[in-house]
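The values are calculated or read from the model by the stated rules, or taken from the named source; none is laboratory data. Computed from a predicted structure; not experimentally measured. Counting neighbours? That spans all protein chains shown, and the Cβs are built from the backbone with ideal geometry, glycine included.
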Ligand SMILES: N[C@@H](CCC(=O)N[C@@H](CS)C(=O)NCC(=O)O)C(=O)O
């Protein structure tokens, strides 16, 4: 059976759990990381030398870490024609947006998320929070323009590309920051919210 290591409130674990649910895969998940600990044991470091979550072990013993790589692996192995676009050009479109998420959305989101969710009000770096929020919105606008052309990130149907960005989009709208009007992003977000797997694994309280 597929085993997933990682607490469920990690955005990177949420990507994996949402993909697992969309694909209907039998699995077990173990809570490790933050308050659960368990990332610095010899056993865990043998699975992932970075001591980070998510880390998965498939039933044939394949170990994968790096959340987007895990989503790609699961999509390729279990989601041909659904999460995994079989056409090379469409797959490249999905890939580029997955990589773009890591470079354009995560860096500005980190100070906003940590500042507003994990830092006491009196200790917040408000300038860093504001700068991060502004850059995040500027970058979401780029995706908003893509979503004006296609209903999902990489075309007409949900694919692996929607997963990392969909996880980040929930956080963006859940954070108490200004949200400039982006109708196409919002319409896509509404479509994600209609999916049971997204609601169950992604739309949980930020912590
Ligand atoms: N680039 C990695 C980042 C992994 C990462 O930083 N994971 C965080 C959780 S989101 C972690 O393991 N933090 C330590 C902890 O939870 O204790 C990925 O996408 O998987």
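None of 116, 165 is outside any loop (DSSP other than H, G, I, E, B) and touching a helix residue (DSSP H, G or I) at 6+ places or on another chain (Cβ under 6 Å) except 165. Contact annotation: residue pairs with Cβ atoms under 6 Å, 6 or more positions apart or on different chains, pairing a residue in segment 46-71 that is free of Cβ contacts under 8 Å to residues at least 24 places away in the same chain and in the same structural domain as residue 31 (by TED's automatic domain parsing) with a partner that is more than 7 Å from the ligand (Cβ to nearest atom) and assigned to a loop (DSSP other than H, G, I, E, B), are 51/40; 65/48. Filtering segment 35-47 to residues that are farther than 17 Å from residue 66 by Cα and surrounded by 12 or more Cβ atoms within 10 Å (Cβ to Cβ) leaves 36, 38, 41.
Checked against the criterion of being away from the ligand (no atom under 16 Å from the Cβ), under 18 Å from the mean Cα position of the chain (by Cα) and surrounded by fewer than 16 Cβ atoms within 10 Å (Cβ to Cβ), segment 56-72 has no qualifying residue. For residue 81, the conditions (1) modelled with pLDDT of 95 or more; (2) closer than 24 Å to residue 196 by Cα; (3) more than 9 Å from the ligand (Cβ to nearest atom); (4) surrounded by fewer than 19 Cβ atoms within 10 Å (Cβ to Cβ) are fulfilled apart from (1). Tell me which residues, restricted to segment 35-49, are within 10 Å of the ligand (Cβ to nearest atom) and within 23 Å of the chain's Cα centre (by Cα). Listed by number, the residues that qualify are 35, 36, 37, 38, 39, 48.
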